[in-house]
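One structure is given here, and the rest of the page talks about it.
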Amino acid sequence: APGPNGELIEPDVRAATRTFDGSLYIFLLDDLHTEFRRSNQVREAARRFVQQYLDANDLAAVVYTSGRRESGQELTGNRRLLLAAIDRFQGQKLPSAGLERLAVHLRDVDNNTILADETPPVRSQEGLQRARDIADPLDSERAANARRALEAISGVASWTADIQGRRKALLFFSEGLDYDVYDPFRSSASSL
């Protein structure tokens, strides 16, 4: 269809309620749990799927777990638009909980060494236990990110459940949740 200046406008977004013969794919890119340095690996894997497995009659959408709508792509069969949305992916994973706890421990050890004028610091069972008991300073943000990723999976699954008569696939690209969902009593943010 011609646009206002006479240029050709390629079709992009299509409704899922419209009859089509292909499959439906949702690319759920987990930017909340992918380290920035590994963004390119996620982009390459998602691009490879689009280029190798997406058929002419298939529809796909790109969704980010962070909810960044301006980076995603609504349901379309247009490969160029899908690849452009994938190319905008940037991981924003928090530093690991272990590294954050270690940083707090080292800061505390250095402060205690300076205050007590000990060189080197004395290692003891009490000191070891204090180090183990250090809370992750990013625990509440880590919990919120895990919750957002799981809600994104649930939301996409609920949305696709309403589409009948088509093969559907949710492709989740992630390094995995950086949050211990099996130990809710150790975390202060698990009840949020």
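The values are calculated or read from the model by the stated rules, or taken from the named source; none is laboratory data. Everything quoted here is computed from the prediction, not taken from an experiment. Here the Cβ is made from the backbone with ideal geometry for all residues, glycine too, and neighbour counts use every protein chain on show. Please note that ligands, DNA and RNA were not included when accessible areas were found on the heavy atoms of the full protein model with its side chains. Shrake-Rupley method; radii C 1.70, N 1.55, O 1.52, S 1.80 Å.
Scan the range 47-79 for residues that are charged (D, E, K, R), open to solvent by 10 Å² or more (accessible area, probe 1.4 Å) and either at positive phi or assigned to a loop (DSSP other than H, G, I, E, B) (or both) and jot them down.
From the range 47-79, those charged (D, E, K, R) are 47-48, 55, 58, 68-70, 74, 79; that's our starting set.
Next, only the ones that are open to solvent by 10 Å² or more (accessible area, probe 1.4 Å) stay: 47-48, 55, 68-70, 74, 79.
Of everything in the range 47-79, those that are charged (D, E, K, R), open to solvent by 10 Å² or more (accessible area, probe 1.4 Å) and either at positive phi or assigned to a loop (DSSP other than H, G, I, E, B) (or both) turn out to be Asp55, Arg68, Arg69, Glu70.
For Arg132, which of the numbered conditions (1) open to solvent by 70 Å² or more (accessible area, probe 1.4 Å); (2) at pLDDT below 90; (3) under 19 Å from Leu32 (Cβ atoms) fails to hold?
Every condition holds for Arg132 apart from (3).
How many of the residues in the range 23-46 are open to solvent by 10 Å² or more (accessible area, probe 1.4 Å), in a loop (DSSP other than H, G, I, E, B) and in contact with a strand residue (DSSP E or B) (Cβ under 8 Å, 6 or more places away or on another chain)?
The qualifying residues number 1.
So, Ala97, is that one open to solvent by less than 40 Å² (accessible area, probe 1.4 Å), of a type in the set (A, V, I, L, M, F, W, C) and at pLDDT below 70 or not? Steps first, please.
Values: open to solvent by less than 40 Å² (accessible area, probe 1.4 Å): yes; of a type in the set (A, V, I, L, M, F, W, C): yes; at pLDDT below 70: yes.
For Ala97, the condition - open to solvent by less than 40 Å² (accessible area, probe 1.4 Å), of a type in the set (A, V, I, L, M, F, W, C) and at pLDDT below 70 - is met.
Can you find a residue in the range 179-190 that is modelled with pLDDT of 70 or more and among the polar types (S, T, N, Q)?
No, that holds for no residue.
Looking at the range 84-93, can you tell me whether even one residue there is surrounded by fewer than 19 Cβ atoms within 10 Å (Cβ to Cβ), modelled with pLDDT of 75 or more, assigned to a helix (DSSP H, G or I) and not small (Gly, Ala, Ser)? Steps first, please.
Start the filter on the range 84-93 by keeping residues that are surrounded by fewer than 19 Cβ atoms within 10 Å (Cβ to Cβ), which leaves 84, 87-88, 90, 92.
Those left that are additionally modelled with pLDDT of 75 or more: 84, 87-88, 90, 92.
With the extra rule that they be assigned to a helix (DSSP H, G or I), the set shrinks to 84, 87.
Imposing the further condition that a residue be not small (Gly, Ala, Ser) reduces the set to 87.
Within the range 84-93, one or more residues are surrounded by fewer than 19 Cβ atoms within 10 Å (Cβ to Cβ), modelled with pLDDT of 75 or more, assigned to a helix (DSSP H, G or I) and not small (Gly, Ala, Ser).
Look at Glu35 and say whether it is out of contact with any helix residue (DSSP H, G or I) (no Cβ under 8 Å at 6 or more places or on another chain), at pLDDT 80 or above and of a type in the set (Asp, Glu).
Working: out of contact with any helix residue (DSSP H, G or I) (no Cβ under 8 Å at 6 or more places or on another chain): yes; at pLDDT 80 or above: yes; of a type in the set (Asp, Glu): yes.
Criteria met by Glu35.
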